[in-house]
Structures are given as structure tokens and as C-alpha cells.
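Below: one structure, written as C-alpha cells.
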Amino acid sequence: MSSIVSIKELSKTYNSGFEALKNINLDIKKGEILALLGPNGAGKTTLISTICGIVSPTSGTVTVDGNDIITDFRKTRQMIGLVPQELTLGAFEQVFQTVSFSRGLFGCQKDDDYINQLLKDLSLDDKKDIEVRALSGGMKRRVLIAKALSHEPQILFLDEPTAGVDVELRKDMWKIVRQLQDKGVTIILTTHYIEEAEEIAERVGVINDGELLVVEKKELLMENFGKKQLVIELREEAKEIPHTLHKHNVELTDDGLNISYTYDAKNEGSDIQELLKEVSDSELVLKDIKINQSSLEDIFVDLVKIK
Amino acid sequence: MMNFRAIKVIYLHEMLRFWQTLFQSVASPILSTALYFVVFGAAIGSRISDVDGVSYGLFIIPGLTMLSVLTQSISNASFGIFFPKFTGTIYEILSAPISFYDVLIGFVGAAASKSLFLAAIILITASFFVDLNVAHPFWMLGFLILTCVAFSLFGFIIGLWAENFEKLQIVPLLIITPLVFLGGSFYSINMLPPLWQKVTLFNPVLYLVSGFRWSFFEISDVSVGISLLMVIVFLSACIGVVAWIFKSGYKLKQ
């Protein structure tokens, strides 16, 4: 897949001296769903704000479909839709009006049929003449999505799309995201909810303290950075680990009822077979065996901690 | 290349607020003009002798119009750009494929249009109280349009600069209102002692009011050429400041 957004050596230092982005290099592939994962204040919003033109970069370049975001801003911004993190909407406009305004702002010809269909897709069709201030938080979020999609962008940025959103809307949102992807739209979302990245993204980038720590396919990330743990439950309490097992990286829990063996998820060099054989040869009586796999969350916490 | 569709939607969006409050937009200038005429025209004006051969009721019309045009241009334009900053909806304008100049034309164009509309209402209302004849309609319109645009630009700058509602109010309230009242809106500077006549020459509003009044009655405190020059100087200064703001991103974008 060719890359649609290309970020090279991007840094941003705010006037206050705060370094929000430190030498970011990232290629976003056409048609993918990329999740940018990181704790609050990591630089996720600054990164997407820079690509969208809300924040000026201090150094480095960003190109969108081959066009520079500064010199060719009209071309690049035309391709991008942004759903901001905060529920920022004017107070007195009606839903249809504000979405139609967004379309015009992006220089697109008025198209009421398209807007009507968009509102229908977002379950807003019965709200189109209501003033936005009268809407609930979830509905406002939908209006923001409609505004971002009003000019039929090829790239959609969702900044913390599910912060403060109920389960139903979250499901709807993922449905919409997948539909957009089917149409070929590239989607970049930021989140600090790991389940979210795990559920929807194809690739995951981890940002902390202004640095992009890793960008990897979700499965690869879990494989490369993930760990597996084999837990052997015992029927009777063991005082100590039999000496035959010492050569393996095993631990006995305090209650003496579990032996755990941690190994690399890639499985290379693991010696499960040998271990199990030696367990059955020993005087230990097996009750059950289970395997724990580290989640994206564990990987994320590890990555952020290392730095 | 400009994004004309974007300019159009910004302009219409700004005008929408005006139409939505049309009653208020029309009724309040009619009422205030009527009140000025009752107080200054009929009650007090009848005891004031003619100024440079023009009855006092007539004399105050240009100043009265300028007073409203100046304050409304500033408040409309400053509020127009301040409000998106305040609510956060400015993100959309900043991320749209439009230049700052497109934004400027939309916002300032709308604010200036509203002021022109307001001036028309005031002059129409005034014509019910006095017999109003405009000596130089072309110049009258010219001064009016230049003033509306210049002060809408000035308001736009204030709206960009202000971070809170207090700052938004402070310039119109503490600077513009005194300048307008002391700029010969309601008197000829010839009525002042010589020292204050000199001081008044530093007030830019004097030149606006004087030039505007000349276009009605062919009487003026300073020559028309200087008036026109001062309006253009003020307009250019505002354009210069705006250009600097847009180049540096001051208060718009970090």
C-alpha cells in the first residue's frame, strides 16, 4: 500500500517552550486504520493538529498525497476531515445548517442530498432542524462527525472519538469507521483507551512524551512485544519447585498452588514440551493448565515505562 | 486563488445572526436615533443657534450616524471572530482549505454590510424629523463605505487580540466612545477654545465626521482632502496590522 500521509522529522515546540513533538517520522498508508495510542499530554492532538493545519510545525515536513501541508495547504486540507476532541459547536445553528456550512467552508458545491444522506447514516435525520446546543453529548459528537465528512474527505482524523460516549454510540461509530474504510477512506484515531485500538485498528502507533515509540501492525506488535505465560495449577500445595524444573524460567506462587512459566510470544526457543514432560515426571499433581497472553494494554504500559 | 465558496458561506453565516435578530437590529437604531432627535433636536436643539448656517438638528445627523457606524462596526466584527475562538469552533476555519484573507473578507465584509445597513436606517429615520438633503451623495457613500470597512477591520483586530469578554469590550468602551464624542460629532470644533481645537486635531474620528458632514452640508472642520487622506491612512494601518497578524499567526495559531 502506498502512503497517503508522510511525516518526516516533525518537531513542535510551543511558545511556552514545551516540546510537544520530538522528531516524529511516520508514514500513514492509504486506506488503513491507524490508532495513535498514548497517555494524556503525549502529543497525539498536537500531531494531528499539525497535519490538519491548526498548529504550525517548528521543523520537519508533512506531505499529504505528495503535497506539502504548508505550501499546498488548499490541496492537503481539502482531503482531510477532522473530528476534534472537544464538543466544539456553535450555539445557535441548526444541525443541517452547520453541516452544510462546513461543506461550503471546504469549497464544495452545495449538495443537500448528500448532507441529508450523511445525517441519515449518522441517525441525525430527525434532528436536522434542531439547534445544536439542545442536543445531548452523544448527538453533538455525531454532528461533529457529520461536519468532518461534509466535504467527502479521503482522510479522516478522529481525536479521542469515544471519550464520554456510551456503548451504543461507540458501536455505531465503529460501524461508520468500517464503512468509511470500505469506501477507501484512511482513518487515523487517537485514543488512550487501549481496547479501542485493539478492537478497530490495523496498525498501532504508541506515542509518549512527544516521541513515537513504535508503529506496528497490531498483531506484530503483540507478537513482538507480547509475552505469554503458562500457568500450571496443582492439586496439592508444593513447598518448592522440583530441582528438575530449575533450568526453566519458572516461579511458584506464594500459596504453592501455581507454577508459572513466562515465555516469548513468538514461541521460538520456548521449551514447553520439555517442561510439561518434566512436570509429569516429577511428584507434582496437575489440576489444570492455562495460558495468559499479554494484552495491548500490558505492552503499552511496558513501552511507556521503559522510556 | 481564493476560495469564493468559503468566503460566501462565512459571509452568509455572519449575516444570518443579523437577520435572526432583525427586529432588534432595526428597532434599536430607529429608537436611539429618535431619542437623540427628541433630546438634541427638539428639546435642547431649539435653544442652540445654527452651526455654520445649519440648524442643530441637521448638524448632528452625520455625527450621530458615525457614532453608530463606528461602534457597531467594531462590535460586530470583533464579536464575529472572537466567538469562534471562544467556543473553539475556530478549529474548523483553521483546518479548512482557506487562507486567512478569505476569512478576513468573509468576516469583515459581513460586519461592514451590517454597519451600512444600520447607517441607512439611521438616515431614513432622521429624514422623518428633519428635511435632509445630501449635497454630495457619491462622497457621502464613499466616506461611509470606507469608514465601515476600516472600523470593521479594526474590530476584527480587536476580536483576534482579545482573550476574554472584558478585553473585547474595553477598546470600544474606553477609547472609541470618548473619541467619537470628542471628535466633533455633536459640535463644531470652532466652538472650542484654541488649545482644545489643536488637541482635537489628533483625534482621527474628527476627520471622519468632518468629511462625512461635508458631503451632506458642504461645511467642515478640516479640509475634505485631509479627511479622505486620514480615512485611507487609518484603513491602510488596519490592513498592515492584519497582514502582520496573518503572517505571524499571532493569537490565531501556534
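The values are calculated or read from the model by the stated rules, or taken from the named source; none is laboratory data. Bear in mind the structure is a predicted one, so any value in this text is a computation, not a measurement. All Cβ positions, even for glycine, are placed from backbone atoms using ideal geometry, and neighbour counts span all protein chains on display.
The table that follows gives values for the structure above.
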quantity: Selected residue (criterion: modelled with the lowest pLDDT) from residues of segment A:176-201 that are surrounded by fewer than 16 Cβ atoms within 10 Å (Cβ to Cβ) and of a type in the set (D, E, K, R); calculated: A:GLU195
quantity: Residue match in segment A:254-262 (condition: β-branched (Val, Ile, Thr), buried (at least 18 other Cβ atoms within 10 Å of the Cβ), in contact (Cβ under 8 Å) with a residue 24 or more places away in the chain and touching a Phe, Trp or Tyr at 6+ places or on another chain (Cβ under 7 Å)); calculated: no
quantity: Candidates B:ILE105, B:ILE98 - the one that is of a type in the set (Val, Ile, Thr), out of contact with any strand residue (DSSP E or B) (no Cβ under 9 Å at 6 or more places or on another chain), assigned to a loop (DSSP other than H, G, I, E, B) and within 14 Å of another protein chain (Cβ to nearest Cβ); calculated: B:ILE98
quantity: Breaking point among (1) more than 30 Å from A:SER6 (Cβ to Cβ); (2) buried (at least 19 other Cβ atoms within 10 Å of the Cβ); (3) not hydroxyl-bearing (Ser, Thr, Tyr), for A:ASN116; calculated: (2)
quantity: Which listed residue is more than 13 Å from chain B (Cβ to nearest Cβ), outside any loop (DSSP other than H, G, I, E, B) and over 18 Å from the mean Cα position of the chain (by Cα), from A:ARG103, A:ARG142; calculated: A:ARG142
quantity: Number of positions in segment A:77-90 that are more than 7 Å from chain B (Cβ to nearest Cβ) and either out of contact with any Pro (no Cβ under 8 Å at 6 or more places or on another chain) or of a type in the set (Asp, Glu) (or both); calculated: 2
quantity: Residue that is crowded, with 20+ Cβ neighbours inside 10 Å and small (Gly, Ala, Ser), where the choices are A:SER100, A:SER123; calculated: A:SER100
quantity: Residue tally, condition among the β-branched types (Val, Ile, Thr) and outside any helix (DSSP H, G or I), over segment B:176-219; calculated: 1
quantity: Residue count, segment A:1-40 (criterion: in a loop (DSSP other than H, G, I, E, B) and closer than 28 Å to A:GLN181 by Cα); calculated: 8
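Table: residues versus (1) within 14 Å of chain A (Cβ to nearest Cβ); (2) surrounded by fewer than 15 Cβ atoms within 10 Å (Cβ to Cβ); (3) touching an Asp or Glu at 6+ places or on another chain (Cβ under 7 Å); (4) in contact (Cβ under 8 Å) with a residue 60 or more places away in the chain.
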site	(1), (2), (3), (4)
B:MET2	yes, yes, yes, yes
B:VAL9	yes, no, no, yes
B:GLN20	yes, yes, no, no
B:LEU35	no, yes, no, no
B:GLY57	no, no, no, yes
